[in-house]
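The values are calculated or read from the model by the stated rules, or taken from the named source; none is laboratory data. Note that the structure is a prediction, hence the values are computed from the model and not measured. Methodologically, a virtual Cβ is constructed for each residue, glycine included, from the backbone with ideal geometry; neighbour enumeration extends over all protein chains shown. Please note that ligands, DNA and RNA were not included when accessible areas were found on the heavy atoms of the full protein model with its side chains. Shrake-Rupley method; radii C 1.70, N 1.55, O 1.52, S 1.80 Å.
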Amino acid sequence: MSTSAEELRGLVEEVVSPLVDVPSELEVTASQEGSDVLIEVAVNPDDAGKVIGRQGRVIKSIRTLVRAAATRKGLNVDVELLDD
């Protein structure tokens, strides 16, 4: 995995960790194929609503922030919240 994908993964982790009540169960993984990066976020099921936000506003904001950072590096990124 390139350092750019790892930096984006770190960005998502830094943004999401203050939102959750159980940060020990937060898992953020990144995979890259060419210029496409997929970042997957897994949280405690009780914290999923906090990451999603009302009408999905929080997760949309996280995606916008990460896409802006990725654009500067010439990457396409998608952030997915995994449900267990």
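From the square roots a ≥ b ≥ c of the eigenvalues of the alpha-carbon gyration tensor of segment 1-48, which class results: rounded (a/c under 1.5), prolate (a/b over b/c), or oblate? Intermediate values should be presented prior to the final figure.
Numbers: a/c = 3.29, a/b = 2.22, b/c = 1.48.
Taking the square roots of the gyration eigenvalues as a ≥ b ≥ c, segment 1-48 is prolate.
Please state, as a whole number in µm²/s, the translational diffusion coefficient that the Stokes-Einstein equation yields for the chain at 20 °C and 1.002 mPa s, with Rh defined as the Kirkwood radius across alpha carbon pairs. Numbers along the way, then the final one.
Values: Rh = 12.8 Å.
Estimated diffusion coefficient is 168 µm²/s.
Could you work out what % of the accessible surface of the chain is carbon and sulfur, using a 1.4 angstrom probe and leaving DNA, RNA and ligands out of the count?
Carbon and sulfur: 48 percent of the exposed surface of the chain.
Report the label-to-label distance for residue 65 and residue 35 in nanometres (one decimal), using points 7 Å from each Cα along the Cα→Cβ vector.
Going by the 7 Å Cα→Cβ label model, 2.5 nm.
Over the chain, what is the mean sequence separation of C-alpha contacts under 8 Å (at least six apart), divided by residue count, expressed as relative contact order in percent?
32 percent
Taking the solvent-accessible surface of protein heavy atoms with a 1.4 Å probe, what is the per residue accessible area of the chain in Å²? Let's see the in-between values first.
Values: 5190 Å² over 84 residues.
Each residue of the chain exposes 62 Å² on average to a 1.4 Å probe.
Compute the length gained on full extension between residue 57 and residue 76: take 0.36 nm times their separation in residues and subtract their Cα-Cα distance, giving the result in nm to one decimal.
Gain in length upon complete extension: 4.8 nm.
If amide hydrogens are placed 1.01 Å from N in the peptide plane, which non-local residues have theirs closer than 5 Å to the one on residue 36?
Residues meeting the criterion, in which the H sits 1.01 Å from N, are 76.
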